[in-house]
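Working notes, structure below.
The values are calculated or read from the model by the stated rules, or taken from the named source; none is laboratory data. Owing to the predicted nature of the structure, the values given are computational and were not obtained by experimental measurement. Cβ placement follows ideal geometry from the backbone for every residue including glycine, while neighbour counts extend to all protein chains displayed.
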């Protein structure tokens, strides 16, 4: 069978299956089926072949034709040593006018092959390797955050200020008329927590317990309450209590709350440093990897099989449906998502997967057992019982495969860094953390 090249990746081949061969195999299968098929009014094995053919002939014929087509396709692929991407599209060959009917069933199979991947000049690709040092300043900031997470509240006898927790009564009116949702008693909010609109928080600032204030508040045009969106209301607020934040002292008791059993503050700081360095390492590594992948997409030159993109679009659709279900939404499995929503993402994913696979095969970048073990050991160190974590991973082949995938990506990243033009970039701790958020 001759293979026709339709485009850079698309191929077409004509398949002929002798009708006599199909008929013979169909008859043979129907005879075997008649020995066991059950049909009302007949004992097992006594159903007339004609009835069996009437009920099952179409199904059996389709099975036989499909098998013959698959056998023919497998031979074409094997003989030509092709790497087929996705499933071939098989259609009956259109009858040609003036041509006598053939003794064969004629089909046309269209399919795509994997592309030949070439890589350009790695030195022309700039890759950003990100670094962010962890100093005493970052440790102090983190300890302050940990203190705020454990803060308590104490009543204060002073004016309301930013960061206070306020209990109040309020009522809002538009054109002198109260509106739904605009009134509350013993309402509690924290200034600066962005729980309320900025104008509302501003209206409470400076008041003491028992004092009231009336102030205007303009609702944004896109406010979630459509009946008041874009309108200006007049609010009256009365403060009933004010509590200020009380942060715990950085002492032995505080250290114990963070898991330092003997309350040693030096150990606490070292523990905070270790955790910060691990988090920073993961985030800088992620940003560096993103830069490597972007460079890989620029250097790798090839066409992407449409069939693989379509398959990935369907996977992304399914992931989107599952995500909506997990959020509590009632989603029909047939809910349509336009392909355009996922087109760019799917093409990037497929292109990266093919390029990474080619790099791995050419340069022997597969994850070794030692690398996988070292990765799990490093990860397990952050847990109280590292041995149990390691045992959990090694008890399941799928978990190990997930780690192998991570290590393989690390190998690719390191290989690209050794080939490309690396730009060392220092990023502040705050920028790194905010970007990740």
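Before moving on, here are some points about what is shown:
- Residue in the range 111-131 that is under 30 Å from residue 250 (Cβ atoms), outside the structural domain of residue 16 (by TED's automatic domain parsing) and in contact with a helix residue (DSSP H, G or I) (Cβ under 9 Å, 6 or more places away or on another chain) present: yes
For (1) farther than 18 Å from residue 190 by Cα; (2) at pLDDT below 95; (3) assigned by TED's automatic domain parsing to the domain that holds residue 165, each residue gets a yes or a no:
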site: 206; (1), (2), (3): no, no, yes
site: 225; (1), (2), (3): yes, yes, yes
site: 233; (1), (2), (3): yes, no, yes
site: 238; (1), (2), (3): no, no, yes
site: 241; (1), (2), (3): no, no, yes
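- Residue in the range 38-45 that is surrounded by 13 or more Cβ atoms within 10 Å (Cβ to Cβ), modelled with pLDDT under 90 and out of contact with any strand residue (DSSP E or B) (no Cβ under 9 Å at 6 or more places or on another chain) present: yes
- Residue satisfying all of: in the range 416-437; part of a helix (DSSP H, G or I) and over 25 Å from the mean Cα position of the chain (by Cα); surrounded by the fewest Cβ atoms within 10 Å (Cβ to Cβ) among these: 418
- Only one entry of 75, 31, 50, 24 meets the criterion of being within 30 Å of residue 351 (Cα to Cα) and either part of a helix (DSSP H, G or I) or in contact with a helix residue (DSSP H, G or I) (Cβ under 8 Å, 6 or more places away or on another chain) (or both), and that entry is 75.
- Among the numbered conditions (1) at pLDDT 95 or above; (2) more than 19 Å from the chain's Cα centre (by Cα), the only one that residue 407 does not meet is (2).
- Residue in the range 266-274 that is in contact with a strand residue (DSSP E or B) (Cβ under 8 Å, 6 or more places away or on another chain), part of a helix (DSSP H, G or I) and within 30 Å of residue 132 (Cβ to Cβ) present: no
- Qualifying residue in the range 184-205 (condition: touching a helix residue (DSSP H, G or I) at 6+ places or on another chain (Cβ under 6 Å), outside any strand (DSSP E or B) and surrounded by 10 or more Cβ atoms within 10 Å (Cβ to Cβ)): yes
Listed here are the residues, each with its yes/no results for (1) surrounded by fewer than 16 Cβ atoms within 10 Å (Cβ to Cβ); (2) under 33 Å from the mean Cα position of the chain (by Cα); (3) closer than 30 Å to residue 421 by Cβ.
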{"position": "115", "(1), (2), (3)": "no, yes, yes"}
{"position": "122", "(1), (2), (3)": "no, yes, yes"}
{"position": "127", "(1), (2), (3)": "no, yes, yes"}
{"position": "142", "(1), (2), (3)": "no, yes, no"}
{"position": "146", "(1), (2), (3)": "no, yes, no"}
{"position": "150", "(1), (2), (3)": "yes, yes, no"}
{"position": "153", "(1), (2), (3)": "yes, no, no"}
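- Residue list for the range 288-309, restricted to those being surrounded by fewer than 18 Cβ atoms within 10 Å (Cβ to Cβ) and out of contact with any helix residue (DSSP H, G or I) (no Cβ under 8 Å at 6 or more places or on another chain): 290, 294, 298, 301, 303, 306
- Verdict on residue 160 being part of a strand (DSSP E or B) and either at pLDDT below 95 or touching a helix residue (DSSP H, G or I) at 6+ places or on another chain (Cβ under 7 Å) (or both): no
- Criterion: on the phi > 0 side of the Ramachandran plot, under 42 Å from the mean Cα position of the chain (by Cα) and free of Cβ contacts under 8 Å to residues at least 60 places away in the same chain - qualifying residue of 206, 181: 181
- Applying the condition of being part of a loop (DSSP other than H, G, I, E, B) and under 30 Å from residue 188 (Cα atoms) to the range 243-265 and asking which residue is modelled with the lowest pLDDT yields 258.
- Residue within the range 345-359 that is assigned to a loop (DSSP other than H, G, I, E, B), on the phi < 0 side of the Ramachandran plot, in contact with a helix residue (DSSP H, G or I) (Cβ under 9 Å, 6 or more places away or on another chain) and surrounded by fewer than 17 Cβ atoms within 10 Å (Cβ to Cβ) present: no
Okay, residues lined up against (1) in a helix (DSSP H, G or I); (2) within 30 Å of residue 9 (Cα to Cα); (3) assigned by TED's automatic domain parsing to the domain that holds residue 400:
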{"residue": "294", "(1), (2), (3)": "yes, yes, yes"}
{"residue": "322", "(1), (2), (3)": "yes, no, yes"}
{"residue": "330", "(1), (2), (3)": "no, no, yes"}
{"residue": "333", "(1), (2), (3)": "no, no, yes"}
{"residue": "337", "(1), (2), (3)": "no, yes, yes"}
{"residue": "377", "(1), (2), (3)": "yes, no, yes"}
